Structures are given as structure tokens and as C-alpha cells.
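Shown next, in C-alpha cells, is the structure this report addresses.
The values are calculated or read from the model by the stated rules, or taken from the named source; none is laboratory data. This is a predicted model, so every value here is computed, not measured. Quick reminder, even Gly has a Cβ in these numbers, built from the backbone with ideal geometry, and neighbours come from all protein chains shown.
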């Protein structure tokens, strides 16, 4: 790796001051993407800012009324190790347990997964489906963005120079709601999604009150298929409705052919994964009703 | 300004201080500066698990940790597993079950498997395979490794 300096600020304002003085700095949370990229000579930086000592970025707090605050540097194991969070958001528990292996989960954060903005990121479709928002801080103050607006191109996000992701907020699960993320990989663990589907539903009187569906690995960024969820609204909860939404998701996918799969195969996967993820989400919603 | 950093940490229950460049990984620091060469470098990008160490009670791949991040933390490496000349029962089980051939992956497997048994004394086979998914072995085909860990899990149960 090329030479860089290292700083581990203890407060958000200290981190923002460092970032303002070093526009080429990069943030270190778990380092599981950053250090691989730095070693390969991609995205070099003259300063690495370790954000793990900052309270706001380490916060993992669930309240029944207000929902979940997930600090940008919180490692995956803390999510699936937290009984209250796992109970309220089984889908988040599921996603935190499937990114990398045990060693990676001990370091990697969902915030890092989001900032890295890979089309194949496992956590992003689920965050979109759950309606999560991002708290972004910069020298000029703070702003909030929806997760579906965050990624702009492979490896690129909406953070401007001098800005950093502080945390994500996931709304409290409403009665009759359920979510799920499902990906296809040829191995059992430790692989990059050929395609994936994150879904969230809210059921009422045997009908879909609302639904949100997003896909991974089938577009330059994680893809929010708003029309598939909107189409489900008001439809009866049955296999026909679910199959219809899965076809809309499939039609929205814009995959490429690469070593992981052909575009035809990926489109097919979108339909299968969306259907199965919806079935799981519906089952979860019915369990908590 | 290009300056080395003074790191104070605890490795295998001993206070250790070292000087490193911020760009050096914990793996490089352990092997090349501290002289603990039991931890192996395999892929150097977090996929193979050969460089697994325990960092504050969590297993991590030390190739994806900076040496400077060790400041004030607690690290356990393969050198901290046996009690003097007395092998840990996992190490003994790896020998009895022939769970190693070339041996490069073995320190990582032992450190990772011990962390599992420390937190969950009785994992079943599926749990063991899932926990060790981040450790690659190109020789054994994994069965003997899983058998060795299962044997220790059964002993704990008995």
C-alpha cells in the first residue's frame, strides 16, 4: 500500500474538520472493502480517518416507537448479536449474517456496504425496501437522504466532498409488516450475489397495504422497483399477486452478462428471488399480526 | 508528514509495544515487527482466513486490520492457544483427525474454531461449517477439520 496518514478522531466535529482539511481522505470502518481497494491501488488516499471511536457512528439503538438508528460504523455481528434488533427486524439479522464469513462480519458495517455502493451490495436492496434513510453530515450542516437516492454509479454515492455518512434510520416495523432479502450465489457462503431481491410488505385484511421491492446485481446501482410494490398495493395476498409483482421486477432489471451469469439468467433470477422473498416477507408479516 | 506510529497493545495476554507505518496491516506487524510468524498470509484480501486472529473477542482477518488499530486492544494469535508445551485440545484433535496437510490454513482454522467453542461449546456440524466458511483449505476437503472441531464439541457436551 502507498503511504497514508492515520487519524482516529473521537468526535464527529473533529472528523468533519479533518475531512474539510483533507478532501482526499477516506473513512475506515471495518476496512473490508477499503483496505482491499487501497492495496490494489484503487482510490488512493493521503489520510485514513478511522471513524470507529465516534459515538454517533457506533450507535445501535432500537425503540419500538421511533425505530432503529444504525451507526455507519456498526459491525454486522452487533446487529445479529442484538436480540431486540433481531426480533424487530429479522430481515436485517438475515442480511448481517450473510455478508462475508464470520471474520468479515466482525468488522464490516452496513454503512460501509452502503458507501461502497457496489451494485451487488447485499444490504442495500433491503434498506431500500425497509424505507431507510441516511443521516449525512458535512461542514455546512446535516442532511437526510433516502437510501434509494444514495448510490449513483458503481462505487459512487451522493456524498459531496467533506461529507460523511453518520447513520441510517430504519422506521419502526408496523403491525402486519414483514421483510426479507434473498440472493443467489453458486456457493453456500462467501460469494457475491449473481442477483438479489430485498422486499418489505405491509398487510391489512388479507390485502397488501403497501410493498417495496429492490434488486441487487442487475443494474449499475441497487435498483428500486417502485412500480412493482405500487402494483401490489390493494391486491389480495395470494400467489397470483406475488407472481405479478415478480414479473414487474424482472422487467425492470437491466443486468449485464459477466462471469457470474448471463443477463437472461439474471432476469430469470429476479423473478424467482422476488417471488420467494415476497413469500417469506408475507409469512413474517402474518406471524407478527 | 511520514512518521511511524507507536502502538501499545496486548498480544496473547502480554503488553506489547511496536512502531509501524499506518499503511502496515496487523498481519505484517505481527509477523515482520513483533516476530509472531504463526499467523499466515494467504490471499491478503480477506477471503481465505489464514491470517485469522482474535481482536477484542471477535475473530478478524488480520490482513484487513491496520496495525495502528491495535492500539489499546487485545489480540490473540495462534501462539496464544497452547499452554506452554501443552497443546490445546483443538490442536490435539487436529493431529488425531489428520485435519491438516500443508498446514498453511491451520493456524487460522484453530484460532477461528477455538473462538466458536469459547462462545458456543456445543455447535452442531452445520454451525461449525457456517462459522468456518471464511477459512479456506485446499488440502483436506474440510471433512477432517469439521470432524476435529466436532470431536471437541462432543467432549464439551460429555
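The table below gives the values:
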| read-out | value |
| --- | --- |
| Any hit, the range A:49-62, residues being within 11 Å of chain B (Cβ to nearest Cβ) and without any contact (Cβ under 8 Å) to a residue 40 or more places away in the chain | no |
| Search result, residues across the range A:170-199 that are away from chain B (no Cβ under 14 Å), under 18 Å from the mean Cα position of the chain (by Cα) and surrounded by fewer than 19 Cβ atoms within 10 Å (Cβ to Cβ) | A:171, A:172 |
| Which numbered condition residue A:30 misses (of (1) surrounded by 21 or more Cβ atoms within 10 Å (Cβ to Cβ); (2) touching a helix residue (DSSP H, G or I) at 6+ places or on another chain (Cβ under 7 Å); (3) over 30 Å from residue A:93 (Cβ atoms)) | (3) |
| Helices (runs of 4 or more DSSP H) contained in the range B:23-137 and holding at least 1 residues farther than 23 Å from residue B:147 by Cα, touching a helix residue (DSSP H, G or I) at 6+ places or on another chain (Cβ under 8 Å) and without any contact (Cβ under 8 Å) to a residue 12 or more places away in the chain | none |
| Matching residues in the range A:89-144 - criterion: being part of a loop (DSSP other than H, G, I, E, B), surrounded by fewer than 24 Cβ atoms within 10 Å (Cβ to Cβ) and in contact with a strand residue (DSSP E or B) (Cβ under 8 Å, 6 or more places away or on another chain) | A:117, A:119, A:120, A:131 |
| Candidate set: the range A:15-28, residues that are in contact (Cβ under 8 Å) with a residue 12 or more places away in the chain and over 17 Å from residue A:136 (Cβ atoms); chosen: the one farthest from the chain's Cα centre (by Cα) | A:22 |
| Count of residues meeting criterion [within 20 Å of residue B:116 (Cβ to Cβ) and crowded, with 20+ Cβ neighbours inside 10 Å] in the range A:79-88 | 2 |
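Here's the yes/no breakdown for (1) closer than 21 Å to residue A:131 by Cβ; (2) outside the structural domain of residue A:92 (by TED's automatic domain parsing); (3) in contact with a strand residue (DSSP E or B) (Cβ under 7 Å, 6 or more places away or on another chain):
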residue: A:202; (1), (2), (3): yes, yes, yes
residue: A:220; (1), (2), (3): no, yes, yes
residue: A:223; (1), (2), (3): yes, yes, yes
residue: A:226; (1), (2), (3): yes, yes, no
residue: A:236; (1), (2), (3): no, yes, yes
residue: A:250; (1), (2), (3): no, yes, no
residue: A:259; (1), (2), (3): no, yes, no
residue: A:279; (1), (2), (3): yes, yes, no
residue: A:284; (1), (2), (3): yes, yes, yes
